[in-house]
Amino acid sequence: MKIAVLCILLCAWLPAQESSIAGAPSGLRCEYLADPVGIDVRQPRFSWVLEHSQRGQKQSAYQVLVSLKLEVAAGDQWDSGKVSSSQSVHVAYAGKPLGSGQTYYWKVRYWDSGDGASPYSSVARFETGLLEGADWKGKWIGGANQIRKEFTLISRPVRARAYIAGLGYYELRINGRKVGDRVLDPAWTTYDKRVLYSVYDITERLRQGPNAVAVMLGEGWFKSHALRIEIHAELEGGQSVDVATDPSWKTMSGPIQSDSVYNGEVYDARLETPGWDRAGFDDAHWKPATLIEGPKGALSAQMMPPIRVVETLVPLKLTSPHPGVYIYDLGQNISGVMQIRVTGPRGTRVQLRHAELLYDDGTLNVENLQEAKATDVYILRGDGSDEVYQPRFTYHGFRYVELTGYPGTPKFDTLRAKVVHSDVKPAGGFTSSKQILNQIQRNILWGIQDNLESIPTDCNQRNERMGWMADAHLYAETAMLNFDMPAFYTNFLRDIRDVQGADGTVTDTVPHRYGSRPADPAWGMAYPLLTWYMYEYYGDRRILEQHFDGVKAWTDFLRTRSHAGILDYSYYGDWVPIEKTPGNLVSTICYYWSADLVSRMAEILGKSVDADAYRKLAAGIKDAFNGKFLNPESGVYGTGSQTAQILPLFLNMAPEGKRGGMLGALRDDIVYTRNTHLTTGILGTKYLFPLLTRTDNSDLAYELATQTTYPSWGYMVENGATTLWELWQNKTGPSMNSHNHPMFGSIGAWFYNALAGINPDPDKPGFERIVIAPQVVRDLQWAAGSLDTIRGRVSSSWRRADDGLRLEVSIPVGSEAEVRIPKLGMAAAGLSESGRIVWKDGHFQSGASGITSVKDDAGVLTVRVGSGDYAFGLKRE
Ligand code: BGC
């Protein structure tokens, strides 16, 4: 008896103990960044990932402490107290006003559902930039492409920072060495509106006594030179010193003879000025820098992953199609530059040309680069030493490099490729049993990364590389599912707002250099869509607040150009299709879509008048659209192209009673008329896949995704693509045919959403609620996806088994999920989780921790789960 009582007590006690195992929060972020240096948001937001040993756990309360002291013994700047809230992301700082150039330390703990407290997290930090305009004592100065200044510190620095805005691009050097690892900095912005500055911790780089700061400037997108620096050093003994740009800085042309993003760099090493970046250099013959007006834009802190050299590649192949002409093949289309190692006579001119393609005779084909010369030249110093050169202020999109002028016979290791792009970290992964899908996924990853160059570009090789807005929104979801993107898109949304006119217009490219104002309506969709994705994927309500007026103004502008609900103007529409779709059909859909998104955003923000007004506006556009473009007899939209059916079906614009017939006709066109091929351009292609999955046609979507004949992604792969092409056609001539254009990478989102089955639920955005709905299609044996969301890792991987299906799912603490497990046509199926029966004889068997219900929804078992790791087994009963 006593033993029985003890056992009951123990059993009751054990789970209670377990429930209190709330782990210290991890992955602390401030404004999406880990320990950012240089932020200028006055109320930065904190996010953390919850850890817990038990399933079905949530946060019931949190406490954040912010301090100026590293130990964070107390929240001397902010102590939130114990706040009853499930919010573990975007908790806004609400302490004492932040000061300029300060380092703040913070930590957080939380209480779980049972009020069990976690330990405190380890300490994270964030550092403010220069918050007030008046904090900048430095003036804009100009001059040649090398600028320097010496100064003396009377004692050792204990804390020193450099704030630098250097246009077009800069390389900051202190006491003989480059500072930091950023390249092609700062990010490209609309300089008349905004210039970004970067902040470096230079404490270890300065010393008591004489110091030198030296800056190399490139033209970049600014096409000129402008420099503004602020160095602030606190010294042992309590003094502080400011060194700022003014006409006392000295300037002189350096070895870079010319530099251009498109054309490359010419570097004459004979013109190097050794020692110029060290103290004690004789600059008596250098000219004083001049005060210049500088760009008009406000200075803002650059708060996103910088561009870096992220990887070094060794060429795979070296050939010589002609004497003295050497072709290196990297085996991969990249964005970046080559580093060359060479020894030879003074004045020898070595040239590197870059291209995506070769002619049949093995020589370089640069036709599709159009005006971009993509040529770097290095002129040797010739002092007998090993000379190493790597261009600073350019980048190229290429797989092949032609080396000429090399003194002697080059070897494999004469050249190394440096991959250069915004250093967004991987956040997701997708693999499957189907090789062609894995190859397409690989091409998508390269294609997207190659085109994140502080803005999302259209291509990386010819003389464009613009922030074309349609391209940007078409591959944004794929980017968000594969990389850590929120800081990048937060910046790009601000770039969009910076180009917006008083009349609400946005532009085809952002910053605006090419294309039109107003943007093609399908290009302008980037504004509402990226805003919406930031909400859907990261739960970022502040972004909605910041951009609501802008998105609304763009929609209002479209309204001024519409007639009776129809928007006629269009430049590109469903771009680069196999079969064209009328431009006004596409534009009117975008007009509808913008109005619908404004209404949804208004609803979330509690703006009920707007929500109502734009819902009505959208409804009116929908009626006008159906009245004009839908043939009531045939039930076909427009000219009958696939895109003309896909878009209204995807957006539920088509009259309900007609949807089934339309879908059938679309399927027939794909399967019978086109022999299972699409005819879509960039817009139709993206939405075809989710449409097919939503309507139970995932098998067909899969056949299209794995198709290897023209037009398809597999066709690109079969023809040697290592990224994605701009066109479905395999072209290599002087016309528009980039071989690295990520816009068709939209299909990558479907790999995650449908094949792995990972989906955000906009009703609880930021993956607070997740829908796991894997599509077990055709010959696919298994698929696996994972994503590090702002709340932690979500993963889903499934495998067919002889008797059914295995599915493993992970849901972050604080989130919940609906897991939809297809019954694979079985009349009666049982479901177990980690060996325990949860569905039997058509009924939910309760008791498994974390699982709240199982239901049979027409061929799919829908399981509701809380956080945790689950291993499901589906078996025929
Ligand atoms: C770009 C595209 C862009 C288009 C506008 C092209 O030159 O490379 O990707 O969206 O122009 O239609």
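The values are calculated or read from the model by the stated rules, or taken from the named source; none is laboratory data. Keep in mind that what you see is a predicted model, and the values were worked out from it rather than measured. Glycine gets a Cβ as well: all are built from the backbone with ideal geometry, and neighbour counts include every protein chain shown. With ligands, DNA and RNA removed, areas are computed over all heavy atoms of the protein, side chains included. Shrake-Rupley method; radii C 1.70, N 1.55, O 1.52, S 1.80 Å.
Points worth noting:
- His512 satisfies every condition listed in (1) under 15 Å from the mean Cα position of the chain (by Cα); (2) open to solvent by 10 Å² or more (accessible area, probe 1.4 Å); (3) within 16 Å of the ligand (Cβ to nearest atom) except (1).
- Among the residues of the range 519-544, those that are assigned to a loop (DSSP other than H, G, I, E, B) and in contact with an Asp or Glu (Cβ under 8 Å, 6 or more places away or on another chain) comprise Ala519, Asp520, Gly539.
- Among all residues of the range 482-493, there is at least one that is among the polar types (S, T, N, Q), more than 9 Å from the ligand (Cβ to nearest atom) and closer than 16 Å to Pro528 by Cα.
- Only one of the numbered conditions (1) buried (at least 21 other Cβ atoms within 10 Å of the Cβ); (2) touching a residue at least 24 places away in the same chain (Cβ under 8 Å) is violated by Leu692, and that is (2).
- Filtered residue count, the range 225-277, keeping only those that are open to solvent by 40 Å² or more (accessible area, probe 1.4 Å) and at positive phi: 2
- Summed over the range 79-101, the residues that are assigned to a loop (DSSP other than H, G, I, E, B) and either among the hydrophobic types (A, V, I, L, M, F, W, C) or modelled with pLDDT under 95 (or both) give a count of 3.
- Taken residue by residue, the range 439-456 has no member that is in contact with an Asp or Glu (Cβ under 6 Å, 6 or more places away or on another chain), open to solvent by less than 10 Å² (accessible area, probe 1.4 Å) and within 16 Å of the ligand (Cβ to nearest atom).
- Selection of first residues in the range 448-475 that are without any contact (Cβ under 8 Å) to a residue 60 or more places away in the chain and of a type in the set (S, T, N, Q) and of second residues that are more than 8 Å from the ligand (Cβ to nearest atom) and open to solvent by less than 10 Å² (accessible area, probe 1.4 Å), restricted to Cβ pairs under 6 Å at least 6 apart or on distinct chains, gives the following pairs, ordered by first then second residue: Thr457/Asn451; Thr457/Arg465.
To keep it simple, each residue is scored yes or no on (1) open to solvent by less than 30 Å² (accessible area, probe 1.4 Å); (2) closer than 23 Å to Asp508 by Cα; (3) assigned to a helix (DSSP H, G or I); (4) of a type outside the set (Lys, Arg).
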position	(1), (2), (3), (4)
Arg392	no, no, no, no
Arg399	no, no, no, no
Asn463	yes, yes, no, yes
Met466	yes, yes, no, yes
Asp471	yes, yes, yes, yes
Ala479	yes, yes, yes, yes
Phe488	yes, yes, yes, yes
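- Residues of the range 563-576 that turn out to be more than 12 Å from the ligand (Cβ to nearest atom) and touching a residue at least 40 places away in the same chain (Cβ under 8 Å), as a count: 5
- Here Cys590 meets the list (1) part of a helix (DSSP H, G or I); (2) farther than 27 Å from Leu727 by Cβ; (3) hydrophobic (A, V, I, L, M, F, W, C); (4) touching a residue at least 60 places away in the same chain (Cβ under 8 Å) almost entirely, failing just condition (2).
Yes/no matrix, rows are residues, columns are (1) within 21 Å of Gly38 (Cα to Cα); (2) within 27 Å of the chain's Cα centre (by Cα); (3) surrounded by fewer than 18 Cβ atoms within 10 Å (Cβ to Cβ); (4) of a type in the set (Ser, Thr, Tyr):
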residue: Phe126; (1), (2), (3), (4): yes, yes, no, no
residue: Gln146; (1), (2), (3), (4): no, no, no, no
residue: Leu153; (1), (2), (3), (4): no, no, no, no
residue: Tyr169; (1), (2), (3), (4): yes, yes, no, yes
residue: Arg182; (1), (2), (3), (4): yes, yes, no, no
residue: Arg205; (1), (2), (3), (4): yes, no, no, no
residue: Gln208; (1), (2), (3), (4): no, no, yes, no
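- Taken together, the residues in the range 325-356 that are open to solvent by less than 40 Å² (accessible area, probe 1.4 Å) and farther than 20 Å from Thr394 by Cβ amount to 8.
- Of all residues in the range 821-877, exactly one satisfies the criterion of being of a type in the set (Asp, Glu), within 17 Å of Ala801 (Cα to Cα) and open to solvent by 80 Å² or more (accessible area, probe 1.4 Å), namely Glu877.
- Looking only at the range 107-138, and only at residues there that are out of contact with any Leu (no Cβ under 9 Å at 6 or more places or on another chain), in a strand (DSSP E or B) and of a type in the set (A, V, I, L, M, F, W, C), the one that is nearest to Ala301 (Cα to Cα): Trp111
- Filtering the range 278-304 to residues that are in a strand (DSSP E or B) and buried (at least 16 other Cβ atoms within 10 Å of the Cβ) leaves Leu299, Ser300, Ala301.
- Counted residues, the range 699-710 - those being open to solvent by less than 20 Å² (accessible area, probe 1.4 Å) and within 27 Å of the chain's Cα centre (by Cα): 4
- Residue in the range 666-682 that is within 16 Å of the ligand (Cβ to nearest atom), touching a residue at least 24 places away in the same chain (Cβ under 8 Å) and in a helix (DSSP H, G or I) present: yes
- Qualifying residue in the range 853-867 (condition: at pLDDT 95 or above, in contact with a Pro (Cβ under 9 Å, 6 or more places away or on another chain) and closer than 23 Å to Leu50 by Cα): yes
- Count of residues meeting criterion [within 30 Å of Leu544 (Cβ to Cβ) and open to solvent by 10 Å² or more (accessible area, probe 1.4 Å)] in the range 766-791: 9
- Residue check: Tyr104 meets all listed conditions (1) surrounded by 15 or more Cβ atoms within 10 Å (Cβ to Cβ); (2) outside any strand (DSSP E or B) but one, namely (2).
- Asp376 vs. criteria assigned to a helix (DSSP H, G or I) and not basic (Lys, Arg): no
- Among the residues of the range 583-600, those identified as more than 16 Å from the ligand (Cβ to nearest atom) and over 27 Å from Phe548 (Cβ atoms) are Asn584, Leu585.
- Residue list for the range 705-747, restricted to those being of a type in the set (A, V, I, L, M, F, W, C), within 15 Å of the ligand (Cβ to nearest atom) and either assigned to a loop (DSSP other than H, G, I, E, B) or more than 14 Å from Trp446 (Cα to Cα) (or both): Leu724, Trp725, Leu727, Trp728, Met736
- Phe751 being open to solvent by less than 20 Å² (accessible area, probe 1.4 Å) and either away from the ligand (no atom under 16 Å from the Cβ) or basic (Lys, Arg) (or both): yes
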